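Working notes, beginning with the structure itself.
Each reported figure results from applying straightforward, stated rules to the coordinates on display, with no laboratory input. It should be emphasised that the depicted structure is a prediction, and the values quoted were computed from it without experimental measurement. Note: ideal-geometry Cβ built from the backbone for every residue, glycine included; neighbour counts use all protein chains shown.
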Amino acid sequence: MDKLVIEGGRRLIGEVEVSGSKNSALPIMAATLLAAGTHRLGNVPELKDIETFSALLTSLGCTVERSGDGFVIVNSTRIDEPVAGYELVKTMRASILVLGPLVARCGRARVSLPGGCAIGARPVNLHLKGLELMGADVRIEHGYIDVRAKRLKGAHIYLDYPTVTGTENIMLAATLAEGETLIENAALEPEVVELARALKKMGAGIEGEGTDKIKIKGVEGLNPLEYTVMPDRIEAGTLMVGAAMTRGNVLIKNCPYEYMDAVVTKLKEAGTEIKSEDGGIRVVGTYPIRSVDIKTYPYPGFPTDMQAQMMAMMCMSTGLSVITETVFENRFMHVAELKRMGADIMVDGRYAIVKGKERLSGAPVMATDLRASASLVLAGLVADGITEVSRIYHLDRGYERLEEKLKRLGAEIKRVKE
C-alpha cells in the first residue's frame with residue numbers, strides 16, 4: 001500500500017484546476033444502463049471509485065473504456081445478467097445505483113447489499129420502499145437485494161429523509177416506468193440536478209429537479225447519452241481549506257462556486273479572503289484563523305463531506321469551535337488521528353468541541369475514510385515536521401491525484417510505498 005509523506009510549513013501558492021465530480025459521475029454512469037448503445041461521458045475523474053463502478057458495469061455485460069480525448073465510453077448494448085456481485089459492491093456504497101436502472105430495463109435485478117466508508121449505517125430502505133411503491137416485488141436474502149417487476153408503475157413516493165442516492169435510484173427507475181412518479185422530500189443536491197439534466201438529454205420527462213418535489217413522466221425508451229460531468233464541489237472546498245490553512249494564495253479554476261455557499265460563508269467567517277477572478281476563484285488565507293461553529297445538513301446546508309476538512313482548519317484557530325454532525329452518526333473517526341498531531345478536540349456524541357492551537361506536530365496517522373484522509377493531509381500541510389498518512393486508498397477513492405496538485409502549489413508532499 002501507498003502512504004503520503006508531508007513536510008509541513010509550506011504556503012500553497014499558484015493555480016489549480018478542480019477535477020470532475022465523483023458524486024455526479026457515478027449516477028450518470030448508472031444511467032447508461034437505461035439505454036442500449038454507446039454513451040460518451042466527459043470530465044470523469046480517474047479515481048478508484050470510478051474504476052470500481054466501471055468494473056461493475058463490465059461485470060453486467062457492458063464495455064467501458066477511456067478514450068484519448070478524455071471521455072469515458074460506455075457501451076451498454078448487452079446486459080448479460082442483471083446481477084451486481086458482492087466482491088465489487090462491498091467496496092462502494094454507490095454500487096446500489098445500478099438497482100433502479102436494471103429493474104427498469106430488465107424487469108429484475110439482484111444486487112449485493114452495499115459497503116463503502118464506515119461512517120454510518122446509511123440504510124437502503126428508502127430505495128426499496130420507492131421500488132415497492134412502484135409495484136416491484138422486493139426481497140432481501142443471503143446478503144442480496146432481489147427485485148422483480150414486469151414493468152414499474154408510476155407512484156407517489158414520500159422520502160422520510162432527503163437521501164441523495166435514494167432520490168437518484170428512484171429517479172433512474174421512474175424514467176422507464178408506466179405513468180408518472182412524484183418524489184416528495186427529494187434531495188436538493190447539485191449532483192441530483194446533474195443526473196436529471198443527463199436523463200433529460202436521453203429523452204426522459206423530468207421536472208422539478210433542484211426542489212423537494214421531482215416529477216418523472218415515464219417513457220417507452222431512452223437514447224444513448226453524451227454529457228460532460230460537473231466539477232467536484234468537495235474537491236474545490238478541500239483546496240480552498242488548504243489555501244486558507246496555509247495562509248496561501250491560490251487561484252482555483254473550474255470551481256463550481258455557485259453550489260458552495262455554505263462552505264464559502266464559513267471560510268469567510270474564519271477570515272479567509274475569497275473573490276471571483278477571471279478564470280476562477282482566488283482564495284487567500286489570513287492570520288489568525290477565527291474560530292467558527294459548523295453544523296452539517298443536507299444541501300444547501302453545510303456538507304458533511306467538508307466537515308473533517310473544516311475541523312482540521314479549526315484546530316489552528318484562535319478560539320473554540322463546536323462542530324455538529326447531523327448526517328452520519330460515525331463521522332468523527334478522524335478526531336483520534338488529529339489528536340495524535342496535537343489537536344485539542346473533545347467529542348460528545350454528535351458534537352466535537354475544538355480548541356484551536358498555535359501549532360500541530362507531524363506524526364504517523366492513519367486514514368479511516370475518504371474525507372478523513374483529506375483532513376489529515378491538510379493538517380500535515382501546516383504541522384511542524386513530518387506527517388505520514390497511511391491507508392490512502394481511501395483518498396484515492398475520491399480525489400484525483402491530490403498530492404500532485406498540492407505539490408504544484410508548493411507543498412512538500414510525496415507518495416511512497418509503505
Relative contact order for region 151-289, counting Cα pairs under 8 Å that sit 6 or more residues apart, in percent: 18 percent
From phi via Karplus (6.51, -1.76, 1.60), per-residue ³J(HN,Hα) for region 69-83 in Hz, x at Gly/Pro: 8, x, 8, 9, 9, 10, 9, 10, 4, 10, 10, 5, 8, x, 10
Proximal charge balance of Tyr393 [Cβ under 12 Å; K/R count +1, D/E count -1]: -1
The chain: most fluctuating residue of Asn125, Asn185, Asn249 per GNM, C-alpha cutoff 10 Å: Asn125
Under 5 Å, built H, 5+ apart or other chain: amide partners of Leu360: Asp384
GNM top mover of Ile183, Ile140, Ile274 - the chain, alpha-carbon springs below 10 Å: Ile140
Region 25-102: C-alpha pair distances exceeding 22 Å, %: 13 percent
Descending Cα extents along the principal axes, region 22-228, whole Å: 44, 37, 33
Charge dipole magnitude, Cβ of K and R +1, D and E -1 - region 22-228, Cα centre, debye nearest 20: 320 debye
Long-range HN-HN contacts of Glu15 with modeled amide H, under 5 Å: Leu251
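May I ask you to derive the relative contact order of the chain, considering only C-alpha pairs under 8 Å and at least 6 residues apart, and to give it as an integer percent? Kindly include the intermediate steps, with their values, before the conclusion.
Numbers: 1034 pairs, mean separation 89.5, N = 418.
Relative contact order, the chain: 21 percent.
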Hz values of 3J(HN,Hα) by residue in region 31-40 - Karplus curve (6.51, -1.76, 1.60), Gly and Pro given as x: 4, 5, 5, 6, 9, 5, x, 9, 10, 10
The chain, dipole about Cα centre (Lys/Arg Cβ +1, Asp/Glu Cβ -1), debye to the nearest 20: 280 debye
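Taking only C-alpha pairs under 8 Å that are 6+ residues apart, what is the relative contact order of region 22-228 in percent?
Over region 22-228, the number comes to 21 percent.
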Estimated vicinal HN-Hα couplings, Hz - region 5-13 in sequence order (Karplus 6.51, -1.76, 1.60; Gly, Pro = x): 10, 10, 9, x, x, 9, 6, 8, 9
Residue (of Thr167, Thr265, Ala308) at the positive-pole extreme of the chain, dipole from beta-carbon charges: Ala308
Met366 long-range amide H proximity, modeled H, under 5 Å: Ser390
For region 281-418, alpha-carbon Rg over 2.2 N^0.38 Å: 1.00
Options Ser24, Gly130, Gly248, ranked by Cα towards positive dipole end of the chain, top entry (Cβ charges): Gly248
